[in-house]
Amino acid sequence: MYSGSVDTFSMPNHAPLPIIAPPTPRQLLTAVVKRVAAEHGLTLARVTTADPFTTLVPILLDRIGAGRMDGFDWFTPQRAIESTDPRTIHPDPVSILSVGMACHVPDPGKPADGVLRGRIARYARGEDYHRVLRARMDAMVDTLAARLGRDIVSRRVTDTARLVDRAVAARAGLGWYGKNACIIVPGHGSWVLLGEIVLDLDLEPDAPLDRSCGQCAICIDRCPTGAIVAPYEIDAPRCLSFQTIEQRGPIPRELRAALGDWIFGCDVCQEVCPYDRAAIRQPDPVFAPRAIDNAYPSLPWLLEMSETAFRETYRGTPVIRAKRPGLARNAAVALGNTRDDAAIAPLAAALAGHDSSLVRLHAAWSLGRFDAGTARAALDRAQRNDPDPDVRAEAIVALSHAGEDR
Ligand code: B12
Ligand code: SF4
Ligand code: SF4
């Protein structure tokens, strides 16, 4: 790839001739780096400098101070400040290669098979991007070192507490910030997962993209929980992605109905975005779901699945992170949200016998959304017999609101 400057000069009696400045060694090196990245499946790759992201510091500290990152124990002010400076992870950083993998594989759609099903966010339906991206970045650096005939000191990160992936991608012009805080990549929308390679190579930086959402605010209006509290500002504790993936305890009552059928992550603020809808679909095939349970799993099955079944179905995918009780908890809530009487029997069975009190508690909440006698009977048994006081208390609350739309 050549990106040198083009100039013209005039000669008497001749049309202007273009003068193409020869590429500099830095431009040639940058072209080699991007070519090697593409050879390793990192087709989205742009460069920025390794200068600290100083303007990010007050934003991160403001967010922490406002409680927007509550629930992330690792997101301390100290850690946040460190994550804005590549020198904290590399002894001699000069450039950063921002890389992305497109994850919007075709949606198989919920089967119309009469089974009550949940919904998994698209990025989590196939292979775990952390592993794939890491492996590609590692292989790419090895090839690059061999091609250049020199050692390269590099640090490769994705989704860590060590660098703010989106800030790197924005400065490198890989994409631009949407008001949903996601990086929108031309041609792919925000369906792109990000990583960085911090290098000791002097590369030609790309320019940030001069794009913005303009007057659009669809994602803010459509977020089911109002978690986009202002443009570019997410209140993580209110975000369904946080509640379904990171939350280890009970999901706050006031957010349970908003969860709808999401049982791992949430894609609403991306699905409604005009840029995401118009994106050319060139996803990486590693993100394709292995089976329907990796995209739209049966909710009753999630409530009764064994540890072995959980591991076999979700091994190597991001869903493993939720752990079996967490996923079953989400399924219990999603079953209640169906308001379909077919949900009562699996919920009653879970309330009576699930090994996790967290799951029983959410099954109680969900049963409280039904007016049927079988739901009340299951709640009545639980309020008297469940060994966990929190489950008994939830059953009492559920009975007092039984059948209400809450
Ligand atoms: C913590 C975290 C979360 C938390 C908190 C979300 C958040 N907004 O921070 C939770 C669990 C809620 C979450 C959810 C999701 N996440 Co997440 N998450 C992260 C993580 C680990 C850190 C993000 C961070 O530092 N946040 C700090 C806070 C303060 O950022 P913020 O409030 O959003 O503000 C940012 C911008 O809005 C911008 N900004 C602030 N003010 C202004 C003002 C202007 C004018 C502009 C232009 C920009 C701007 O600067 C901030 C820094 O980026 C990153 C990986 C990483 N290490 O970077 C992945 C990451 C951001 N997540 C990612 C994904 C895919 C998601 C989900 C889509 C997953 C899903 N489908 O469920 C959702 C999307 C939710 C959303 N709308 O943001 C991707 C994003 C890819 C992309 N194209 O943008 C990342 C980069 C992981 C990766 N390596 O690919 N995530
Ligand atoms: S991921 Fe869902 S809950 Fe979180 S901000 Fe986007 S739309 Fe809202
Ligand atoms: S929905 Fe509209 S406001 Fe939200 S990110 Fe997309 S373009 Fe921006």
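When every residue of the stretch 168-181 is checked against the conditions, at least one turns out to be closer than 20 Å to residue 203 by Cα, without any contact (Cβ under 8 Å) to a residue 40 or more places away in the chain and of a type in the set (A, V, I, L, M, F, W, C). The helices (runs of 4 or more DSSP H) found wholly in the stretch 306-406 and carrying at least 2 residues that are of a type in the set (Phe, Trp, Tyr) occupy 307-314.
Residue 340 - would you say it is of a type in the set (Asp, Glu) and either touching a strand residue (DSSP E or B) at 6+ places or on another chain (Cβ under 9 Å) or at pLDDT below 95 (or both)? Judged against the criteria, residue 340 is not a match. With the structure loaded, tell me whether residue 10 is modelled with pLDDT under 95 and either under 29 Å from residue 159 (Cα atoms) or not aromatic (Phe, Trp, Tyr) (or both) or whether it fails that test. Against the criterion (modelled with pLDDT under 95 and either under 29 Å from residue 159 (Cα atoms) or not aromatic (Phe, Trp, Tyr) (or both)), residue 10 qualifies. I'd like to know if the stretch 88-108 contains one or more residues that are assigned to a helix (DSSP H, G or I) and closer than 16 Å to residue 52 by Cα. There is at least one residue in the stretch 88-108 that is assigned to a helix (DSSP H, G or I) and closer than 16 Å to residue 52 by Cα.
Criterion applied to 255, 302, 259 was being aliphatic (A, V, I, L, M), surrounded by 19 or more Cβ atoms within 10 Å (Cβ to Cβ), within 28 Å of residue 401 (Cα to Cα) and away from ligand 1 (no atom under 14 Å from the Cβ), and the one residue passing it is 302. Take residue 209 and decide whether it is within 14 Å of ligand 3 (Cβ to nearest atom), in a loop (DSSP other than H, G, I, E, B) and in contact with a helix residue (DSSP H, G or I) (Cβ under 9 Å, 6 or more places away or on another chain). Yes, satisfied.
Can you pull out the residues in the stretch 144-168 that are within 20 Å of residue 239 (Cβ to Cβ) and part of a helix (DSSP H, G or I)? Once the filter is applied, which keeps residues that are within 20 Å of residue 239 (Cβ to Cβ) and part of a helix (DSSP H, G or I), the stretch 144-168 yields 165, 166, 167. Criterion applied to 278, 288 was being at pLDDT below 95, small (Gly, Ala, Ser), more than 8 Å from ligand 2 (Cβ to nearest atom) and touching a Gly at 6+ places or on another chain (Cβ under 7 Å), and the one residue passing it is 288.
Note on the stretch 240-250: among residues that are assigned to a helix (DSSP H, G or I) and touching a helix residue (DSSP H, G or I) at 6+ places or on another chain (Cβ under 7 Å), the one that is nearest to ligand 2 (Cβ to nearest atom) is 240. If you go through the stretch 224-239 and keep only what is in a helix (DSSP H, G or I) and within 7 Å of ligand 1 (Cβ to nearest atom), you end up with just 236. Restricting attention to the stretch 186-198, does a residue exist that is more than 18 Å from residue 334 (Cβ to Cβ), surrounded by fewer than 22 Cβ atoms within 10 Å (Cβ to Cβ) and more than 7 Å from ligand 1 (Cβ to nearest atom)? Yes, the stretch 186-198 contains a residue that is more than 18 Å from residue 334 (Cβ to Cβ), surrounded by fewer than 22 Cβ atoms within 10 Å (Cβ to Cβ) and more than 7 Å from ligand 1 (Cβ to nearest atom). Of all the residues in the stretch 206-239, those that are under 23 Å from residue 159 (Cβ atoms), in contact (Cβ under 8 Å) with a residue 40 or more places away in the chain and away from ligand 2 (no atom under 14 Å from the Cβ) number 1.
Out of all the residues in the stretch 144-161, which are touching a helix residue (DSSP H, G or I) at 6+ places or on another chain (Cβ under 7 Å), farther than 21 Å from residue 285 by Cβ and either of a type in the set (Asp, Glu) or modelled with pLDDT of 95 or more (or both)? Correct list: 144, 147, 151, 152, 154, 156.
Go through the residues of the stretch 177-198 one by one and say whether even a single one is out of contact with any Leu (no Cβ under 7 Å at 6 or more places or on another chain), away from ligand 3 (no atom under 16 Å from the Cβ) and assigned to a loop (DSSP other than H, G, I, E, B). Looking for residues that are out of contact with any Leu (no Cβ under 7 Å at 6 or more places or on another chain), away from ligand 3 (no atom under 16 Å from the Cβ) and assigned to a loop (DSSP other than H, G, I, E, B), one finds none in the stretch 177-198, hence no.
Taking the residues in the stretch 286-305 that are among the aliphatic types (A, V, I, L, M) and part of a loop (DSSP other than H, G, I, E, B) as candidates, determine which candidate is farthest from residue 192 (Cα to Cα). It comes out as 305.
Looking only at residues in the stretch 251-269 that are free of Cβ contacts under 8 Å to residues at least 40 places away in the same chain and in a helix (DSSP H, G or I), the one that is farthest from ligand 3 (Cβ to nearest atom) is 254.
The values are calculated or read from the model by the stated rules, or taken from the named source; none is laboratory data. The structure presented is a predicted model; accordingly, all values stated were derived computationally and were not measured. Positions of Cβ are generated from backbone atoms using ideal geometry, with glycine treated the same way; all protein chains shown enter the neighbour counts.
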